[in-house]
Amino acid sequence: MTKTAVALVLVLLAATPALALDPAQTFRQGATLLSVEGGGGHQANLEGHRVQTGLDLWYASVRYSLVMFDPAGPGLLRGAFEAGMGPIIQKYDVPGGNDALFGGLGVQARWHLLSFGRFVPYVEGGAAAGGQDLRVREIDSNLALLLNVGAGASVLLTDRTAIYAGYRLMHVSNGNTDDPNRGFEAHTGVLGFSYFFK
């Protein structure tokens with residue numbers, strides 16, 4: 001399946017007439033974009049707890065973003081800063097228990113590296129706050145805060161469209177607003193599509 005996906009992306013790249021596409025024009029100051037994404041992953045035991053719940057999670061979100069400044073930076077670090085906001089929904093699969101949901105509003109920021117043509121690596125970070133009904137040893141409250149950091153890459157299909165994939169390390173807790181608040185981390189992957197408005 002992975003080889004098929006890679007082959008499909010390569011065929012799309014070869015068939016797209018915008019081989020000389022300049023990402024600095026797509027990621028120019030004031031550009032706005034709408035991204036639709038989804039992903040999922042599994043709870044990680046980064047703190048070495050003797051017992052953890054073993055959650056799986058799945059998420060989807062829509063984000064409206066703005067490229068804040070003209071591309072800047074030296075050499076390979078030359079890039080563009082994007083910041084956006086939108087709703088997020090997250091589903092938790094609880095082993096032997098009731099599945100749970102999170103719904104809230106999130107912000108996400110990315111630094112896109114523009115020195116590689118149509119292939120645009122990025123680093124990102126984000127946060128979200130909202131309501132949830134997850135009742136496990138790590139968190140048992142109506143409020144949840146999500147934090148994430150990650151990296152990935154976009155492929156510009158045209159000067160207005162891109163697909164992207166990446167990795168995110170996610171932290172979920174209630175910000176010490178309730179007990180318990182051990183919180184947890186999860187290794188997740190994300191896939192998305194962005195449309196740039198002129």
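The values are calculated or read from the model by the stated rules, or taken from the named source; none is laboratory data. Keep in mind that this is a model prediction, so the values were computed, not measured. Backbone-built Cβ (ideal geometry, glycine too); neighbour counts: all protein chains shown.
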Give me the residue from segment 19-68 that is out of contact with any Lys or Arg (no Cβ under 9 Å at 6 or more places or on another chain), among the polar types (S, T, N, Q) and over 22 Å from His112 (Cα atoms) and, out of that set, surrounded by the fewest Cβ atoms within 10 Å (Cβ to Cβ).
Asn45
Collect the residues in segment 154-198 that are under 17 Å from Trp111 (Cα atoms), touching a Phe, Trp or Tyr at 6+ places or on another chain (Cβ under 8 Å) and hydroxyl-bearing (Ser, Thr, Tyr), keeping them in residue-number order.
Ser154, Tyr164, Ser194
Note on segment 105-144: residues at pLDDT 95 or above, among the hydrophobic types (A, V, I, L, M, F, W, C) and either part of a strand (DSSP E or B) or farther than 25 Å from Leu77 by Cβ (or both) are Leu105, Val107, Ala109, Trp111, Leu113, Phe119, Val120, Val123, Ala127, Ala128, Ala129
Which of the numbered conditions does Leu156 fail, given that it passes all the others? Conditions: (1) without any contact (Cβ under 8 Å) to a residue 24 or more places away in the chain; (2) in contact with a Lys or Arg (Cβ under 7 Å, 6 or more places away or on another chain); (3) among the aliphatic types (A, V, I, L, M).
(1)
Do we find a residue being under 18 Å from Glu37 (Cβ atoms) and either surrounded by fewer than 19 Cβ atoms within 10 Å (Cβ to Cβ) or within 11 Å of the chain's Cα centre (by Cα) (or both) anywhere in segment 131-146?
no
Of (1) hydroxyl-bearing (Ser, Thr, Tyr); (2) part of a strand (DSSP E or B); (3) over 29 Å from Val155 (Cβ atoms), Ser61 satisfies every one except (3)
I'd like to know if segment 74-91 contains one or more residues that are of a type in the set (Val, Ile, Thr), outside any strand (DSSP E or B) and without any contact (Cβ under 8 Å) to a residue 60 or more places away in the chain.
no
Residue among Tyr164, Tyr195 that is surrounded by 17 or more Cβ atoms within 10 Å (Cβ to Cβ), of a type in the set (Phe, Trp, Tyr) and not in a loop (DSSP other than H, G, I, E, B):
Tyr164
With the structure loaded, tell me whether Leu13 is surrounded by 14 or more Cβ atoms within 10 Å (Cβ to Cβ), at pLDDT below 95 and either in contact with a Ser or Thr (Cβ under 8 Å, 6 or more places away or on another chain) or farther than 25 Å from Asn142 by Cβ (or both) or whether it fails that test.
yes
With (1) touching a residue at least 40 places away in the same chain (Cβ under 8 Å); (2) within 24 Å of Ala129 (Cβ to Cβ); (3) surrounded by fewer than 20 Cβ atoms within 10 Å (Cβ to Cβ); (4) over 12 Å from the mean Cα position of the chain (by Cα) as the list, and Ala186 as the residue in question, which single condition is left unmet?
(3)
Quick one: what pairs do we get from segment 42-62, first residue more than 25 Å from Leu105 (Cα to Cα), second surrounded by 14 or more Cβ atoms within 10 Å (Cβ to Cβ) and aromatic (Phe, Trp, Tyr), C-beta under 8 Å, 6+ apart or different chains?
Gln52/Phe184; Thr53/Phe184
